[in-house]
1. With only Lys, Arg, Asp and Glu charged, each at its Cβ (+1 for the first two, -1 for the last two), find how big the charge dipole of segment 320-440 is about the Cα centre; round to the nearest 20 debye.
2. Would you kindly work out the equivalent ellipsoid of segment 39-192 from its C-alpha gyration tensor and give its semi-axes, the square roots of five times the eigenvalues, largest first in whole Å?
3. Within segment 225-262, which trypsin sites (Lys or Arg not before Pro) sit in a loop by DSSP and count at most 11 neighbouring Cβ atoms inside 10 Å?
4. Could you size up the charge dipole of the chain around its Cα centre, putting +1 on the beta carbon of Lys and Arg and -1 on that of Asp and Glu, and report it in debye to the nearest 20?
5. Less than 15 Å apart at the alpha-carbon level, and either on another chain or at least 8 residues along: which aspartates and glutamates does that give for LYS298?
6. Which net charge results when you count Lys and Arg as +1 and Asp and Glu as -1 among the other residues whose beta-carbon is under 9 Å from that of GLU207?
7. What are the residues whose amide H is under 5 Å from the amide H of THR220, where those residues sit 5 or more places off or on another chain and H is modelled from the backbone?
8. Report the relative contact order of the chain, percent, no decimals, based on alpha-carbon pairs under 8 angstrom and at least 6 residues apart.
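Laboratory data are not the source of any read-out in this text; all were calculated from the coordinates shown. As the structure is a prediction and not an experimental result, all values here were calculated from the model. Cβ: placed from backbone, ideal geometry, glycine included. Neighbour counts: every protein chain shown.
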Amino acid sequence: MSETADIVTPDAAAEMNTRRVFVKTYGCQMNVYDSQRMADALGADGYVETATPDDADMVLLNTCHIREKAAEKVYSELGRLRNLRDRRRAAGSDLIIGVAGCVAQAEGEEIIRRAPVVDFVIGPQTYHRLPQVVGRARDGEKVVETDYAVEDKFEHLPARDERQVRSRGVTAFLTVQEGCDKFCTFCVVPYTRGAEVSRSVAQIVTEARALVAAGVREITLLGQNVNAWHGEGPDGSEWGLGRLLHKLARIDGLARLRYTTSHPRDMDDALIAAHRDLDCLMPYLHLPVQAGSDRILKAMNRRHTADEYRKLIDRIRDARPDIALSGDFIVGFPGETDADFEDTMRLIRDVGYAQAFSFKYSPRPGTPGADLGDQVAEPVKDARLQRLQALLLEQQAAFMTALAGRTISVLLEKPGREQGQLVGRSPWLQPVVCDETVGKIGDIVDVRINRASANSLIADQREVEPPA
Ligand code: SAH
Ligand code: SF4
Ligand code: F3S
């Protein structure tokens, strides 16, 4: 239909020139945040995000290296993408394939050796250079960009795009700290994310204000060790996370604050006090302990004992009695005996978790744990994980069932699975299924919990007024 070519509207023309990027995210919330920032950076370069690789001109995998399974997923995905690209080329078009995230940082050019379909590899510290890297890849160069950048990535990324933020909903992540100096002996993060870096108060407040201006009601501050955040304040002095939370709590329109993930060693008094003093700081804390045996904690280089953790939990609960605790656990760290494992089970019973994540130890290349003798046999890990998860699930169910009959405040986030439903979050992070008559997305409403299902809470329907 060449005769219509001269009446193509500017919008349609723009549409025809638009390139599409599909970003697939693995791993932790920091990767979710990074994927958004990368999409925004590519947006400034003319790319729009698409929800499927099928109509994409570029696929970007944002990868995770934390356990072997996570890292291997990337290669199976790259296998599928190779097929997609072969079909594209056969049809006369093309597909650019990039790998970002922690596998990119850990494996670098090895990725291109193992999967030649990959056009570029970019590490988490250099995302501000993404448009330039993509440009080179489009020109046919294989690019590997995994140096730790000397310039501050955050200073060089484009500001948050209001339209994009709005389209992502009423809750948002905000990375305030990256990297890790703790070197737990099982963990790759200090190698994939580098040394701890804290963003300044000014940067964080500016970004938080932009999020709120775009309709965000709840912000979760992120860092691999978020409670070790120590950024430069407006007066040039060093602030801690407690003080930062007080500052953010004063932003008009920001209703809820959360932060994750924290290390027990970095829960200072000011942060614990913030849980007592700030209503908008939600009563939920993810505070991984990994194990309950002092011997194993020491071998993991966690630098605290099980009893120090118990005492810390007591102090936090004194400050905020209704706080819900969440944790991470590893079973089968090298040398873990039955008695060590029972210590972990005892710690879980002592603390009582509302929610938790648990994993079998996975030896990671380059970490001290991988070289330890006395690796635990797979079936032993399986059996321990099963018992541990059964206990944690029991605690989760108990926590949720105890909310039945209570009226709680819920931030309404999105439409539910069924017509007429909205889903929100409780202060303790459980999804709450509500009737749509309770309010609109972005509202914080009080609803009465009727019952708990496996993973969510079901609110009563609003009573229908009898006809007058
Ligand atoms: N910074 C956080 C943890 C980030 S990694 C902290 O210190 O708690 C998220 C979780 O993955 C860890 O808490 C740990 O439970 C798990 N994990 C990390 N490395 C692992 C490994 N090699 N094998 C199994 N689980 C691991
Ligand atoms: Fe990994 Fe330990 Fe750092 Fe957490 S504190 S990211 S587990 S090294
Ligand atoms: Fe995975 Fe990297 Fe996060 S290893 S857990 S994506 S910091």
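1. It works out to roughly 500 debye.
2. Equivalent ellipsoid semi-axes, largest first: 25, 21, 15 Å.
3. For trypsin sites (Lys or Arg not before Pro) across segment 225-262 that sit outside H, G, I, E and B with at most 11 neighbouring Cβ atoms in 10 Å, the list reads ARG250.
4. Magnitude of the dipole: close to 660 debye.
5. Leaving aside aspartates and glutamates fewer than 8 places away in the same chain, those within reach of LYS298 are ASP307, GLU308, GLU336, ASP340, ASP343.
6. Summing Lys and Arg as +1 and Asp and Glu as -1 gives +3.
7. Here the answer is ALA172, PHE173, LEU174, ARG258, since their amide H atoms fall under 5 Å of that of THR220.
8. Relative contact order, the chain: 9 percent.
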